[in-house]
Number of protein chains: 2
Amino acid sequence: MHPDIPQPRLPSGKENDLRVRILLVAIERFATHGYGATSIRSIVEAVGCTKPALYYHFGSKADLFVEVHRAVQSKVRKAFVAMPQNAAPLAERLERFVSSLLEATVEDPSPARLLLTAIHRPEQGQPPLDLEAFHAHNLARLAAVLQQAQAAGEVREDLAAEVLAEILLGMVHHRALELLRGKPLAHDVSKQIIDVFIHGART
Amino acid sequence: MHPDIPQPRLPSGKENDLRVRILLVAIERFATHGYGATSIRSIVEAVGCTKPALYYHFGSKADLFVEVHRAVQSKVRKAFVAMPQNAAPLAERLERFVSSLLEATVEDPSPARLLLTAIHRPEQGQPPLDLEAFHAHNLARLAAVLQQAQAAGEVREDLAAEVLAEILLGMVHHRALELLRGKPLAHDVSKQIIDVFIHGART
DNA sequence: TTGAAGATACTTACCGCTCGGTAGGGAGGC
DNA sequence: GCCTCCCTACCGAGCGGTAAGTATCTTCAA
């Protein structure tokens, strides 16, 4: 009835305002500084609330971290799921896939930072996350596309599709890591990566 | 003059026994847990000395960390320097290079862990290390080999040698990261990587 | 229509612990 | 007597987490 009144309390109105704000700040902080080096104090200071407010919505630092990962994983998973539905030629499918991952990282580096760190550099004391399953799922998606290309005679069959998928994902991960370090993307970087992956470095 | 006398003090005799022991433990700890999560207390406990003993030999935690990196970088640099002197065919040179890096990592994962972490996940609060220069130097070594192969007509020239070197190094870094996560090396993994790098995934 | 009960969503103020680092002293060789 | 090398004992700061109180909204009996 009075839509522009401050509406000081309650979830219903704007979907748990403070909880969402904490989560967004936490994503950025955990992504930038890691688990151990991110203090609850720094989060609540950035949000503009107090510690018990945070502990009211998230039971502990570990719980908050798990929640952060849950939010980010579901977002990234979509890029991997969307790929196989594309019906274009192999090179173009792979190129779009790589491009979508890299450009999403340019727009918002936090998910990539969070996931790559959690996979390659889990910290002691941080809660377990089962990224193995997440990683395996994404790898399987990519491998399925390559296997399909193997069946069509476009891709060599002496190496398993999983091995090839692992190699390609390695190229992408590495380029993403370089991007996170600050190296800007050339406009045709996805094309370059896929071209080398498919045709190799030979003449 | 008295080379085999115990000589309980002073650097000369056994090269500063305690200092070396601290350094070795610190390499392993910093590599395993990172800078922030490694406490001086845990190091001296593992070594079997006290904090002031450590602070006597290394002025601060940051200084110790820099010293650790200095020791490790000079070790790894050798693998990159040794490669170009090899006069075998391209595929074999690259394969040996990859193989030497990966197998050194199996023997002692600390250097790889330390360097890859410092490059991809520097922590706030940790001292600056100028890994940019280290990374650029290693990349240039690899690029030089590829440029030589380009001149010999073995490698495509539409992509710069640096771009190809970056891609290959990405494949190696990624495989090393997987190794550090626990995925064991297949006996022919270096061959697979180089084969895909040179010939691509196509049929 | 009201007003007490209760749930919700926070606040201020504190706790115990671990951290990097140090003051000051002592043992032993030159 | 001095220098090297290392010890015991301590410091202030920052950490994750909490006890206890408070303002606001919801519910429902009188």
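The values are calculated or read from the model by the stated rules, or taken from the named source; none is laboratory data. Being a predicted model, the structure only gives us computed values, none of them experimental. Ideal geometry is used to build each Cβ from the backbone, glycine not excepted, and the neighbour counts take in all protein chains shown. Remember, those area values only see protein heavy atoms, side chains included, never the ligands or the DNA or RNA. Shrake-Rupley method; radii C 1.70, N 1.55, O 1.52, S 1.80 Å.
Screening A:Thr50, A:Thr32, A:Thr38 for residues that are among the polar types (S, T, N, Q) and away from DNA strand D (no atom under 12 Å from the Cβ) leaves exactly one candidate, A:Thr32. What residue, among those in segment B:175-197 that are touching a Gly at 6+ places or on another chain (Cβ under 9 Å) and more than 25 Å from B:Ser110 (Cβ to Cβ), is farthest from the other protein chains (Cβ to nearest Cβ)? Within segment B:175-197, the match that is farthest from the other protein chains (Cβ to nearest Cβ) is B:Asp195. Inclusion of B:Asp130 among residues that are more than 10 Å from chain A (Cβ to nearest Cβ), open to solvent by 50 Å² or more (accessible area, probe 1.4 Å) and free of Cβ contacts under 8 Å to residues at least 24 places away in the same chain is warranted.
This table checks each residue for (1) free of Cβ contacts under 8 Å to residues at least 40 places away in the same chain; (2) closer than 22 Å to A:Met171 by Cβ; (3) within 13 Å of chain A (Cβ to nearest Cβ).
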| position | (1), (2), (3) |
| --- | --- |
| B:Ala88 | yes, no, no |
| B:Ala91 | no, yes, yes |
| B:Ala104 | yes, no, no |
| B:Pro122 | yes, no, yes |
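Any residue in segment B:167-174 that is on the phi < 0 side of the Ramachandran plot, more than 9 Å from chain A (Cβ to nearest Cβ), open to solvent by less than 20 Å² (accessible area, probe 1.4 Å) and touching a residue at least 12 places away in the same chain (Cβ under 8 Å)? No; the residues of segment B:167-174 include none that is on the phi < 0 side of the Ramachandran plot, more than 9 Å from chain A (Cβ to nearest Cβ), open to solvent by less than 20 Å² (accessible area, probe 1.4 Å) and touching a residue at least 12 places away in the same chain (Cβ under 8 Å).
Can you find a residue in segment B:44-57 that is free of Cβ contacts under 8 Å to residues at least 40 places away in the same chain, within 24 Å of B:Ala112 (Cα to Cα) and of a type outside the set (A, V, I, L, M, F, W, C)? Within segment B:44-57, none of the residues are free of Cβ contacts under 8 Å to residues at least 40 places away in the same chain, within 24 Å of B:Ala112 (Cα to Cα) and of a type outside the set (A, V, I, L, M, F, W, C).
Summed over segment A:153-166, the residues that are within 7 Å of chain B (Cβ to nearest Cβ) and assigned to a helix (DSSP H, G or I) give a count of 2. Only one entry in A:Ser100, A:Ser74, A:Ser60 is over 25 Å from A:Ala151 (Cβ atoms), open to solvent by less than 60 Å² (accessible area, probe 1.4 Å) and among the polar types (S, T, N, Q), namely A:Ser60. Which of the residues belonging to segment B:108-142 are over 12 Å from the mean Cα position of the chain (by Cα) and assigned to a helix (DSSP H, G or I)? Selection gives B:His120, B:Glu132, B:Ala133, B:Ala136, B:His137, B:Leu139, B:Ala140, B:Arg141, B:Leu142.
In the set (1) within 12 Å of DNA strand C (Cβ to nearest atom); (2) farther than 28 Å from A:Glu132 by Cβ; (3) modelled with pLDDT of 95 or more, the condition left unmet by A:Phe58 is number (2).
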